[in-house]
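Remarks on the structure that follows.
The values are calculated or read from the model by the stated rules, or taken from the named source; none is laboratory data. Remember, predicted model here, so these are calculated numbers, not experimental data. Methodologically, a virtual Cβ is constructed for each residue, glycine included, from the backbone with ideal geometry; neighbour enumeration extends over all protein chains shown. Accessible surface areas use protein heavy atoms only, side chains included; no ligands, DNA or RNA. Shrake-Rupley method; radii C 1.70, N 1.55, O 1.52, S 1.80 Å.
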Amino acid sequence: MEFEALRQQCLACTRCPLCETRTHVVFGMGAPDAEVLFVGEGPGQNEDEQGLPFVGRSGKLLDQYLDAVDLSRASNVFIANIVKCRPPQNRDPLPEERAACMPWLKEQIALIRPKIVVCLGRIAAQQLIRPDFSVTREHGQFFEQEGVWYMATLHPAALLRNPRQKPDAFGDFVALRQKITEVCTHTYG
Ligand code: URA
Ligand code: SF4
């Protein structure tokens, strides 16, 4: 399947009950040939309204961290979420909703073929790295799975709530920049 076809199918998805309360499916955005894929938890209110990932306050902060290491959704990364539809009241997506939605992310990964996947926060890290993953203890560390490097960092929304964690997150992006220079071929031109 090709990327635009996958996107069109995903936009019509009714595999889980989140389809009943969503305004827009948030498929993701960025460079389809990105070597670095960022994965958040799920759309919030702004994302649901606009149909785009990370467009609210946490998105602004994420874009600042990306810019600090010469990354951007306009040129060299792709940004997606574990669930593509907003959970009501921004509650955590339920295990069955995550499971229902994972095939979309799997297909995105199969088409993009990223070298590095960065999990934004606990939900993505526990889904993609290990069910008992601790972001507090293990953020910034790289784990290889089937030839792809996975790393988790603090969710930007958590940084907005607790700005004292911002230096930790910045350190993760510096580690990411280093990893990109080691394993990527065209992210930095
Ligand atoms: N938080 C997320 O996890 N994903 C988004 O797209 C926006 C906020
Ligand atoms: Fe489909 Fe995922 Fe939306 Fe559920 S959250 S309806 S599985 S796109």
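Please enumerate the residues belonging to the stretch 87-100 that are within 11 Å of ligand 2 (Cβ to nearest atom) and open to solvent by less than 50 Å² (accessible area, probe 1.4 Å). Give the steps one after another, and end with the answer.
Initially, the stretch 87-100 is screened for residues within 11 Å of ligand 2 (Cβ to nearest atom), giving 87, 93-94, 96-100.
Within the stretch 87-100, 87, 93, 97, 98, 100 qualify.
Might you let me know whether the stretch 88-100 holds any residue that is over 30 Å from residue 166 (Cα atoms) and of a type in the set (A, V, I, L, M, F, W, C)? Yes, the stretch 88-100 has at least one match.
Assess whether residue 74 counts as being hydrophobic (A, V, I, L, M, F, W, C), at pLDDT 95 or above, in a loop (DSSP other than H, G, I, E, B) and over 22 Å from residue 18 (Cα atoms). When the stated conditions are applied, residue 74 passes them. Listed conditions (1) within 16 Å of ligand 1 (Cβ to nearest atom); (2) within 11 Å of the chain's Cα centre (by Cα); (3) not basic (Lys, Arg) are all met by residue 126, apart from (2).
Just one of the listed residues (112, 129) is more than 16 Å from ligand 2 (Cβ to nearest atom), under 22 Å from residue 179 (Cα atoms) and in contact (Cβ under 8 Å) with a residue 60 or more places away in the chain, and it is 112. Here residue 75 passes the criteria (1) over 20 Å from residue 6 (Cβ atoms); (2) surrounded by 14 or more Cβ atoms within 10 Å (Cβ to Cβ) except the one numbered (2). Given the condition free of Cβ contacts under 8 Å to residues at least 12 places away in the same chain and farther than 24 Å from residue 75 by Cβ, answer yes or no: does some residue in the stretch 49-64 qualify? The answer is no; no qualifying residue exists.
Put simply, of 178, 89 the only residue that is at pLDDT 95 or above and either under 17 Å from the mean Cα position of the chain (by Cα) or under 30 Å from residue 20 (Cβ atoms) (or both) is 89. Considering the stretch 142-183, and only residues there that are among the aliphatic types (A, V, I, L, M) and open to solvent by 50 Å² or more (accessible area, probe 1.4 Å), the residue that is farthest from ligand 2 (Cβ to nearest atom) turns out to be 174.
Every residue in the stretch 42-62 that is within 16 Å of ligand 2 (Cβ to nearest atom) and assigned to a loop (DSSP other than H, G, I, E, B), please. 42, 43, 44, 51, 52, 53, listed by residue number.
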